[in-house]
1. In the range A:153-170, how many are surrounded by fewer than 24 Cβ atoms within 10 Å (Cβ to Cβ) and touching a residue at least 60 places away in the same chain (Cβ under 8 Å)?
2. From B:T215, B:T211, B:T204, which residue is crowded, with 22+ Cβ neighbours inside 10 Å and of a type outside the set (F, W, Y)?
3. Return the residue satisfying two criteria in turn: it lies in the range A:54-86 and is over 14 Å from A:A28 (Cβ atoms), touching a residue at least 24 places away in the same chain (Cβ under 8 Å) and acidic (D, E), and of such residues it is surrounded by the most Cβ atoms within 10 Å (Cβ to Cβ).
4. Condition (residue is more than 14 Å from chain B (Cβ to nearest Cβ), in contact (Cβ under 8 Å) with a residue 60 or more places away in the chain and touching a helix residue (DSSP H, G or I) at 6+ places or on another chain (Cβ under 7 Å)) applied to the range A:393-404: is it met by at least one residue?
5. Based on this model, can you work out whether A:D203 counts as acidic (D, E), closer than 17 Å to A:P297 by Cα and in contact with a strand residue (DSSP E or B) (Cβ under 9 Å, 6 or more places away or on another chain)?
6. I'm trying to understand the selection: among the residues of the range B:101-135, which are within 14 Å of chain A (Cβ to nearest Cβ), touching a residue at least 24 places away in the same chain (Cβ under 8 Å) and among the charged types (D, E, K, R)?
7. Quickly run through the range A:392-408 and pick out the residues that are farther than 13 Å from A:V216 by Cβ and among the β-branched types (V, I, T).
8. Scan the range A:372-386 and give yes if some residue there is touching a Leu at 6+ places or on another chain (Cβ under 7 Å), surrounded by fewer than 23 Cβ atoms within 10 Å (Cβ to Cβ), more than 14 Å from chain B (Cβ to nearest Cβ) and part of a helix (DSSP H, G or I), otherwise no.
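The values are calculated or read from the model by the stated rules, or taken from the named source; none is laboratory data. Because the structure is a prediction, the values reported are computed rather than measured. Note that each Cβ is placed from the backbone with ideal geometry, even for glycine, and that neighbours are counted across all protein chains shown.
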Amino acid sequence: MTYQSRMTATLAASALALSASLAAAEEAPITIVINQSPWFPGFQAVVEAYEDETGNTVELDVNPFAGSLEKQRTAVRADESPFDILIMNAGFFVEFYTGGFIAPLQEIDASFELSDDIYTFDDSTCWNAEAKTITCDGGDLLSVPVNPNVLILHYRQDLYDEAGLSVPKTWDELYENAKTLQTDRRYGISQRGQRGTFDVTYDVFPYIWSHGGGIVDQQDDGSFQVSINSEGTLAGMETYLKLANDVGHPSTAGQTQTNVIQNMATGRAAHINSVPAPGLFDDESKSMVVGQVAYAPPPGTAEIPSATPLGHWLAGVPKNISDDNKQAALAFLSWFQTDAAQRAYAEAGSMPVSRAVLESEMADQPEYRWMKAMAEALPNARLTFTFPEATQVLAITELRLNQAIGGEMPLKEALNTAAEEITKVMQDAGYDIPAPELLQ
Amino acid sequence: MKTDTFWRHATLWPALVLFALLTILPLIKLLALSFHDVEWINREAVWDWVGLANYARLPQDNLLRAGALNTLIFAVVAVALQMLIGFILALLTTRVVRGRVFYRTVFILPILVPGIIIGAIWKLMYSYDFGVLNSLLLWLGLAPQDWLGNPDLALLSVIVVDVWHWTPFCFLLLLAGLESLPDDIFEAAKIDGASRWQQLRHITLPLMLPTIAVTFVFRMILAFKVFDEIYLLTGGGPGTSTEVISFTIYRRFFTEDQTGYGAAMSIAVIAVIAAGIIAATRATAGKGAKA
């Protein structure tokens, strides 16, 4: 074959391949802005599966946690968003709903519905603009959940078997187990105490909720109450600090989510409370504890059972994109909530948002042993912040809780200071909130 | 002659216009923003006039106070160390006749490494569980240290990274200054019997003062703007121990979305830095004239 004929054949083949791919793609290419989380590799795999199956193109714009939020804000405030799907965190989605940035999905396609199998996570998929409330009762469907992301307890099954321990239901039991398993080379527990965007605050929720505390609670009448310096929160934080000081990592105030996961993966921690990254712990190239990590809902107290914070992720379609792109975005979300896609998502090492998959026969297989813990934890999972000023409140809690954990400020003083600062933020934003009663 | 002057000015105008577009206009926008609170309702930005309220909040902001103090400590300690080490290295390098290029290349290597890689390298080195520093301490029979998680150590640890990163900058400028000093003065001093210390004290330092001052001012400006090292190593924590002003502005403006207040904070910091530069320039101009 001459050079010219080889060239002609190559060009012809390329043109054929291009036309084939164009013919296969039914939707406009879309871009998803997303953060780099432990569950991201699974999402990436499922996006690739979507591309292979449909011929449609999806680009992923991957960012650190805070960077993703900033990009989403900038995108929705521009004349035209460069992103067709926003992956919004449970801590911040309300500001996108209240700002009117997200397109109601049934305005894009009136026939679109969220599958009955998909969790709504305290109705966080819906927004009633008139009542300014998160509710699917009279609210518009604004998003599709893409990841459940709740904290669950990870523990070393092999060490439990060796020591004859049983799975802890209360913090006291966890403390005793951690004490038993603590050695010079292994921490009883590793906690995520670093100050970040939504780090230490997320980590302490199971402790403070199960002691009857909170940070800012929404009342039945829709009003808010600052509860960060309540007796319950104090008790929860004392439990957190007891674990950190007696059986925890010496640098709890400096531990990120990545550190905590690393400590488990390298065999340095007997327990962690973390968002699950099951694919990681069973991957021989990344873990020294393959097949040894087991899962359970976070402990609670004798009075209040386990409660875990929703740190889930929601996919919303911004209003400021073309109709074609809205359709393409919805096509992806429709595909994503199918049973096949949810199973593929789980197989790729991430947590599905489908109740049917979590409770399916998959959960009985050893590699999906985390599913039962998730299914058990999710009914008690709660939204953390349901108002648009969440980022300002988080800036306060991240600092004050970290100061208390690091010993820079006494616990009661940290909680009282946080309560006063949060009250000021909420009052400035127009909420009718009384001055907090300080802990003595 | 008049035409000549006209054209000299005229050739500067395009650059001036570009400068105004890229710098002055955003600054004016920032200033305007600092007198407002911005809220987003139905995809529309609603600017509420708040007058000087955002500026009045500044003194009460605990985070800003901590950030200002840490920035000052960080800048003074880090830059002092960088100037001292950079000057010593530059002096030693000028005395090397053969292989000077080799030493110069080695000493400037850290400045060529991107900030993100520096963050990764040092975060690993400082790691409590896996870091080389703690491995070394354990090998020596000493207790491991929580370099980035201990409020008493964290700022110092970040300063060490900054000194490692930016000393080459001082070294390069000071070396250039030392190499440009006239040889004949030193020859004359030698003939007059001046010792090395006397040459350093009475000739090198006075002649180097303008270069030292410029290097110092440049580094102080950069040190006041430190962000990447803090972001990558500590995120401002633990607590407020490594909070710096640029990080506080980042939090308020971007993360918390308090754009009006963040703008006021930015304007206040720009004003303070500008005042510092003017004061330093005047002071060094006076010294330079005396020297």
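1. 10
2. Unique residue meeting the criteria: B:T215.
3. Filtering first and then ranking leaves A:D61.
4. no
5. yes
6. Of everything in the range B:101-135, just one residue is within 14 Å of chain A (Cβ to nearest Cβ), touching a residue at least 24 places away in the same chain (Cβ under 8 Å) and among the charged types (D, E, K, R), namely B:K123.
7. A:I405
8. Yes, the range A:372-386 contains at least one residue that is touching a Leu at 6+ places or on another chain (Cβ under 7 Å), surrounded by fewer than 23 Cβ atoms within 10 Å (Cβ to Cβ), more than 14 Å from chain B (Cβ to nearest Cβ) and part of a helix (DSSP H, G or I).
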